[in-house]
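Some notes on the structure that comes next.
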Amino acid sequence: MKSIDKRNYDILIVDDEPLIRQSLFEILRIEGYHAHMSQSAEEALNFLAEQKVDIVLTDMKLPQKSGLELLEEVKKITPDTEVILITGFGSIESAVEAIRKGAYDYICKPINDEEIKSRIQKIIEHKEIVAENLRLREMLAKSNPTSCGQMIGSSAKMQKVYHVIESVATSNATILITGESGTGKGLAARAIHQMDENRCDKPFVEVSCGALSETLLESELFGHVKGAFTGAIRDKEGRFEYARGGTIFLDEIDAFSPMLQVKLLRVLQDGVFERVGDNVTRKTDARIIVATNRPLTELVENGEFREDLYYRINVISIVMPPLRERKEDLDILIKHFLEKYAKKNGKKIAGISDEVRTMFLNYKWPGNIRELENAVEGAVIMSKADAIQKWDVPNSSKFDEAKKRVTAMKIGRSLKEVMEQPERDVILAALEQNAWNRNKAASALGVNRTTLYNKMKKYNIEFKKPK
Ligand SMILES: Nc1ncnc2c1ncn2[C@@H]1O[C@H](COP(=O)(O)OP(=O)(O)OP(=O)(O)O)[C@@H](O)[C@H]1O
Ligand SMILES: [Mg+2]
């Protein structure tokens, strides 16, 4: 431990006898402490109302309020102020009571200078250890953060994510973020932008590529000139231009058509592009982050995604873990969403019941954090009590399904299989009816392309070339 600077310590001596008071003051002052004096408990309390001290050294017997009463009040105002009581000869019972009430130590009269000094030294050493411990814990908390940007979670898997984000934030490298739906890919992209000191005050531009048709996406990304297509009534800059100096986040990159993949490859290789219908080549310095919830390697294998583009974007990749693999973060996430939605809805909600907690812990959360956030938000809106109960949670039968599935597995054919068969049939029928054009099938089913892809994968529906 580093050497102690006694000047940092304030000690208040409380005694009605001027001689004792003065001599204690001198001993402590010469030792190097910052000493103060009061002649009664009342005077001491007034002093303490103005200034915090580390140690109160008080006589047990004082004119009005006793040393014991003073001890009780000091502990109420500043629990970490230590109190030493000086007791008269033979009053060991009150000394024991003092310890019970929170005194650090007691000293019997007659007072011995060395004893006083060593007892105080002991307290100071103890305080230094506590402070050091606190410092170390804070340092540890900093190196093991429980959040990054707006992402919450302290599990080892999230720590790994934070670590990568921190180390790549200030580079210009393209980043690929993968992970199931609702795992926080969008938040991770935003965190990278926020932590990049060269770009954080410039635009962060997010494009949901899966939501747009090829033509719209092209003009959205690269812009167009007047007359480039019907409806192009004036020149328009694209998102790549708008993101200059900042970050462009291309979500659902797997929705890029082969033509757009070529254009993106050119941006990644040379940082250049043209507006639709234009022949002026423009430059972009936007940092590119892309995300997908589909395994790109598989798309490369079946020829849907260019291999050269895949290598270009997969320079640094961040894999967002699914919630079921980091259940240790559930409590902190629930607390976060409870606070957020209680505040939004003007409610006071202290927590969730044990039953709900167990239900949440046993559930697989296929929709990950988004699903959890929705569940908590719905429950907060419904809740009428202090803690969220099972009946407050919307759609709570799905949590029971998880239980039932386990039982069904035991009796042979899983309930899951039984329940999922109709969904598989409907998807197959939609694909057939739309000649295996997945865009059309998805819109017939009322879902987006990504959801359809995920379901096809889940049900092992092999992709057939459109007829
Ligand atoms: N670690 C987290 N801490 C707090 N909130 C989170 C966290 N991860 C995700 N969320 C919240 O969950 C929701 C979904 O997150 P986000 O949109 O980033 O997921 P995503 O992986 O991009 O999903 P998708 O693939 O469906 O677009 C958002 O409301 C986001 O604020
Ligand atoms: Mg997203």
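The values are calculated or read from the model by the stated rules, or taken from the named source; none is laboratory data. Keep in mind that what you see is a predicted model, and the values were worked out from it rather than measured. Here Cβ is always computed from backbone atoms with ideal geometry, including for glycine, and neighbour counts include all displayed protein chains.
Can you go through ASP201, ASP235, ASP196 and tell me which one is touching a Ser or Thr at 6+ places or on another chain (Cβ under 8 Å) and either charged (D, E, K, R) or at positive phi (or both)? None of the other options fit; the residue is ASP196.
Out of LYS185, LYS202, one residue alone is within 16 Å of ligand 2 (Cβ to nearest atom) and basic (Lys, Arg). It is LYS185. If the condition is being of a type in the set (Asp, Glu) and closer than 16 Å to ASN374 by Cα, then the range 326-353 contributes ASP331, GLU339.
Confirm whether LYS327 is more than 16 Å from ligand 1 (Cβ to nearest atom) and in contact with a helix residue (DSSP H, G or I) (Cβ under 7 Å, 6 or more places away or on another chain). In short, no. In the range 338-355 there is no residue matching the filter, namely being buried (at least 19 other Cβ atoms within 10 Å of the Cβ), closer than 23 Å to MET195 by Cα and either in contact with a Phe, Trp or Tyr (Cβ under 6 Å, 6 or more places away or on another chain) or not aromatic (Phe, Trp, Tyr) (or both).
Got at least one residue in the range 320-337 being outside any loop (DSSP other than H, G, I, E, B), in contact with a Gly (Cβ under 6 Å, 6 or more places away or on another chain) and more than 16 Å from ligand 2 (Cβ to nearest atom)? Taking every residue of the range 320-337 in turn, at least one turns out to be outside any loop (DSSP other than H, G, I, E, B), in contact with a Gly (Cβ under 6 Å, 6 or more places away or on another chain) and more than 16 Å from ligand 2 (Cβ to nearest atom). Here PHE222 clears all of (1) under 27 Å from VAL276 (Cβ atoms); (2) free of Cβ contacts under 8 Å to residues at least 24 places away in the same chain except the condition numbered (2).
Scanning the range 191-229 for residues that are surrounded by fewer than 18 Cβ atoms within 10 Å (Cβ to Cβ), within 20 Å of MET259 (Cα to Cα) and polar (S, T, N, Q) returns SER208, SER213, THR215. Looking at the range 184-285, the helices (runs of 4 or more DSSP H) lying wholly inside it that each contain 1 or more residues that are within 30 Å of PRO366 (Cα to Cα), modelled with pLDDT of 95 or more and among the β-branched types (Val, Ile, Thr) sit at 185-195.
Close Cβ contacts (under 7 Å, 6 or more residues apart or on different chains) running from residues in the range 421-446 that are farther than 14 Å from PRO466 by Cβ to residues that are assigned to a helix (DSSP H, G or I) and charged (D, E, K, R) comprise ILE427/LYS455. Could you tell me whether GLU371 is assigned by TED's automatic domain parsing to the domain that holds ASN345, assigned to a helix (DSSP H, G or I), closer than 22 Å to THR292 by Cβ and modelled with pLDDT of 85 or more? For GLU371, the condition - assigned by TED's automatic domain parsing to the domain that holds ASN345, assigned to a helix (DSSP H, G or I), closer than 22 Å to THR292 by Cβ and modelled with pLDDT of 85 or more - is met.
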